Protein chains: 2
Amino acid sequence: MSSQTVEFFFDFGSPASYLAWTQLPAICSAAGATLVYRPMLLGGVFQATGNASPITVPAKGKYMLTDLARFAQRYGVPMRFNPHFPINTLALMRAAVGLQLHDPARFDTYVTAVFRAMWVDGRNMADPAVVAEVLARAGLDPQAVLALTGEAAVKDALKSSTEEAVRRGAFGAPTMFVGAQMFFGQDRLDFVREALGPTAQP
Amino acid sequence: MSSQTVEFFFDFGSPASYLAWTQLPAICSAAGATLVYRPMLLGGVFQATGNASPITVPAKGKYMLTDLARFAQRYGVPMRFNPHFPINTLALMRAAVGLQLHDPARFDTYVTAVFRAMWVDGRNMADPAVVAEVLARAGLDPQAVLALTGEAAVKDALKSSTEEAVRRGAFGAPTMFVGAQMFFGQDRLDFVREALGPTAQP
């Protein structure tokens, strides 16, 4: 077994983060590596680095839709560009951090529910009523989850993680680290795989 | 034999264009497709689309160096980031168009000499004396080549090709078209290969 980790800095608002998330568990599993979820606030990363979403350049935004669809097809995963994009994900990311800190057993269920609502079902996850419905359907307690987002420790942890990502060189999402090596984008997963080395044998 | 073409919109100033150029002839050859060189002025594309070089975001520019080096290693091709980057490529791109129009037999020699000077040898190709030396070493007549850059028809052709790229959706370099399908970036060459279909059998 390898003791390697893949740190996955992500934001639910990023469609490329969704695509990476559909692939990373299998990549890590095949390499015997541990996938470490690092929620961050992409808006904070953009603000700190001066970067911006590709959609701020119309031609780039248009191509991005085609490009993401091509990768979804390659991966064989469902994907629908969210009609409410861009969505403010502050509460969603805080809740992710809150669950990591206070209820880690429910973290995977939460991440799955939110990524699917955003990038498969096209839900308006900026609307607290929609979020509550999505969480309830996933078997989570919406009130308990949303209560986490108000905690100072949770807010601070998301802020710290975002600042850490920027300090380590991130400028967008998803950003993966294998040790000191940084990889930006779901289109660099093959390099992540290579960085983990040959597939672990049982 | 396929009658497909890959249109390769490029600018010598773009390191990703260089990397794509090292791979495209073999990709096209394997698929029995024709590689069609489409010189364009990346600065014109940026101006028309509102896009900008990745280096305008320092964290992105820094990562880009690592990312390009990783691809160069994967491809097994030499690459050195040009210390004089960014370089104004207007005259270089005009000369490329001029050779296509007036001396196509020398086009490949010219492209090879300029790409290598830019991205292997790190020459300052904004300096006409350096350009002349590079061309002479490649067996070209610098005066004859540079004379082409003053022609109105050549200037117009480069302008048209840049405008065409933008009209068809390009926002950066390299941009490849296989029919109506657009692919941006040297990191999408595998999709270009797929778009060309199964490898042609002799």
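The values are calculated or read from the model by the stated rules, or taken from the named source; none is laboratory data. The structure presented is a predicted model; accordingly, all values stated were derived computationally and were not measured. Counting neighbours? That spans all protein chains shown, and the Cβs are built from the backbone with ideal geometry, glycine included. Accessible surface areas use protein heavy atoms only, side chains included; no ligands, DNA or RNA. Shrake-Rupley method; radii C 1.70, N 1.55, O 1.52, S 1.80 Å.
Averaged per residue, what accessible area in Å² does segment B:92-173 show with a 1.4 Å probe, protein chains only? All intermediate terms of the calculation are to be shown ahead of the outcome.
Working: 3680 Å² over 82 residues.
With the other protein chains kept in place, segment B:92-173 gives 45 Å² per residue.
Which aspartates and glutamates, if any, have their Cα less than 17 Å from the Cα of B:LYS60, not counting same-chain residues under 8 positions apart?
By straight Cα distance, B:LYS60 reaches A:GLU163, A:GLU164, A:ASP187, B:ASP187.
Between rounded, prolate and oblate, where does segment A:16-78 land on the alpha carbon gyration tensor, with a ≥ b ≥ c its root eigenvalues, rounded for a/c under 1.5, else prolate if a/b exceeds b/c? Numbers along the way, then the final one.
On the way: a/c = 3.72, a/b = 1.30, b/c = 2.86.
Here segment A:16-78 falls in the oblate category.
Within straight cross-link reach of B:LYS159, meaning Cα distance under 16 Å, which aspartates and glutamates are found once same-chain residues fewer than 8 apart are removed?
B:ASP11, B:GLU151
Distance between Cα centroids, segment A:36-97 to segment B:13-58: provide it in whole Å.
Each part reduced to its Cα centre gives a spacing of 25 Å.
Sort segment A:83-175 into rounded, prolate or oblate with this rule: let a ≥ b ≥ c be the square roots of the eigenvalues of the Cα gyration tensor; rounded if a/c is under 1.5, and if a/c is not under 1.5, prolate when a/b is larger than b/c, oblate otherwise.
Values: a/c = 1.86, a/b = 1.25, b/c = 1.49.
Because a/c hits 1.5 or more and a/b fails to exceed b/c, segment A:83-175 counts as oblate.
What's the buried accessible area, both sides, between A and B using a 1.4 Å probe, rounded to 100 Å²? Before the final figure, lay out each step's value.
Working: alone 10000 and 9990 Å², together 17900 Å².
What A and B bury together is about 2100 Å².
Evaluate the relative contact order of segment B:83-134 (contact order divided by residue number), counting alpha-carbon pairs under 8 angstrom at least 6 apart; express in whole percent.
Details: 29 pairs, mean separation 21.3, N = 52.
Relative contact order, segment B:83-134: 41 percent.
Out of all Cα-Cα pairs in chain A, roughly what percent, to the nearest whole number, are more than 30 Å apart? Spell out each step's value before the answer.
Working: 3476 of 20301 pairs.
That fraction is 17 percent.
Between beta-carbons, use under 14 Å as the cut-off and find the net charge around A:GLY139, counting Lys and Arg +1, Asp and Glu -1. The partial results should precede the final answer.
Values: positive: A:ARG106, A:ARG116, A:ARG137; negative: A:ASP103, A:ASP108, A:GLU133, A:ASP141.
Net charge around A:GLY139: -1.
What value, in deg cm²/dmol to 500, does the helix sum -39500 (n - 2.57) over DSSP H runs of n ≥ 4 give at 222 nm once divided by the residues of chain A?
Working: 9 runs with 109 residues, N = 202.
After summing the helix terms and dividing by the residues of chain A, the value is -17000 deg cm²/dmol.
Assign one of three labels to the protein assembly as shown, namely rounded, prolate or oblate, based on the Cα gyration tensor with a ≥ b ≥ c the square roots of its eigenvalues; rounded applies when a/c is under 1.5, prolate when it is not and a/b is larger than b/c, and oblate otherwise.
Numbers: a/c = 2.17, a/b = 2.11, b/c = 1.03.
It is prolate, given that a/c is not under 1.5 and a/b is the larger ratio.
Show me, for segment B:81-88, the HN-Hα J-couplings you get by feeding each phi into the Karplus relation (A = 6.51, B = -1.76, C = 1.60, θ = phi - 60°), rounded to Hz, glycine and proline as x.
My calculation for segment B:81-88 gives 5, 5, x, 9, 4, x, 10, 5 Hz in order.
Taking H placed 1.01 Å from N in the peptide plane, check which residues at least 5 places from B:GLY32 or on another chain put their amide H under 5 Å from its amide H.
It is B:ALA200, by chain and number.
What's the carbon and sulfur percent of segment A:118-170's accessible surface, probe 1.4 angstrom, rounded to a whole number? Could the numbers behind the result be given before it?
Values: 1360 of 2630 Å².
In segment A:118-170, the share of accessible area belonging to carbon and sulfur is 52 percent.
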